[in-house]
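Working notes, beginning with the structure itself.
The values are calculated or read from the model by the stated rules, or taken from the named source; none is laboratory data. Bear in mind the structure is a predicted one, so any value in this text is a computation, not a measurement. Cβ coordinates were reconstructed from backbone atoms using ideal geometry, including for glycine residues, and neighbour counts include every protein chain displayed.
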């Protein structure tokens with residue numbers, strides 16, 4: 001399998017990946033919302049042409065892809081919104097998604113990006129070092145997304161940003177997704193294979209932090225470097 005930058009000739013193949021990854025038995029032939037989302041991102045000022053990546057084999061063509069677009073935290077701190085991330089059904093659960101995630105995060109860090117946000121399953125994306133945004137002082141674009149909106153700080157360069165996470169990707173997602181995160185298959189970084197779990201209950205620990213944040217702060221402070229290394233294993 002090869003991972004490379006998206007080229008002008010890849011767009012039709014990427015659309016086929018999106019359509020197949022999100023095909024539903026009740027589809028009537030119209031473009032799925034996920035395809036509409038990607039088209040909206042391509043037209044937005046947040047689109048960064050050098051960042052989309054595709055995965056493929058010489059004989060199979062494009063089997064997956066991942067997008068990162070410009071976003072900001074608080075008063076203009078630059079960040080990236082990661083997603084969509086798609087993989088063809090017959091190539092899911094064999095490591096293609098993980099390879100794309102590793103490549104996307106590594107490439108972002110290589111160009112000095114420091115903050116990446118996404119919407120997805122915390123149980124899945126936690127393995128890549130993502131944590132609920134509320135645990136690191138960042139407000140999700142939509143409060144209803146709760147713990148499903150997550151942040152990964154890359155190699156820190158200065159103080160970590162705080163404030164609300166905003167960008168064209170999250171704006172397009174708000175227009176595309178009309179159900180709560182726990183009820184939809186569409187997420188900002190969906191793999192096209194599972195929906196996110198149900199919305200978490202409002203659990204808080206003794207310090208008043210949401211339950212998923214109980215040990216995040218201490219873990220991030222002492223293990224940030226180790227976690228950065230582990231994600232590449």
Margin query: Quick check on my filter: what residues within segment 73-88 are over 15 Å from the mean Cα position of the chain (by Cα) and either without any contact (Cβ under 8 Å) to a residue 24 or more places away in the chain or surrounded by 15 or more Cβ atoms within 10 Å (Cβ to Cβ) (or both)?
Written below: 73, 74, 76, 77, 88
Check: Is it the case that segment 133-150 has a residue that's in contact (Cβ under 8 Å) with a residue 60 or more places away in the chain, closer than 24 Å to residue 213 by Cβ, in contact with a strand residue (DSSP E or B) (Cβ under 6 Å, 6 or more places away or on another chain) and assigned to a strand (DSSP E or B)?
Finding: yes
Notebook entry, point to check: Restricting to segment 151-170, what's the tally of residues that are more than 14 Å from the chain's Cα centre (by Cα), modelled with pLDDT under 90 and either more than 18 Å from residue 68 (Cα to Cα) or part of a helix (DSSP H, G or I) (or both)?
Noted result: 5
Next item on the list: Could you check, for segment 107-124, whether at least one of its residues is outside any loop (DSSP other than H, G, I, E, B), touching a residue at least 24 places away in the same chain (Cβ under 8 Å), over 14 Å from residue 151 (Cβ atoms) and in contact with a strand residue (DSSP E or B) (Cβ under 8 Å, 6 or more places away or on another chain)?
Entry: yes
Check: Right, residue 85: assigned to a strand (DSSP E or B), modelled with pLDDT under 95, closer than 18 Å to residue 53 by Cα and touching a strand residue (DSSP E or B) at 6+ places or on another chain (Cβ under 6 Å) or not?
Finding: yes
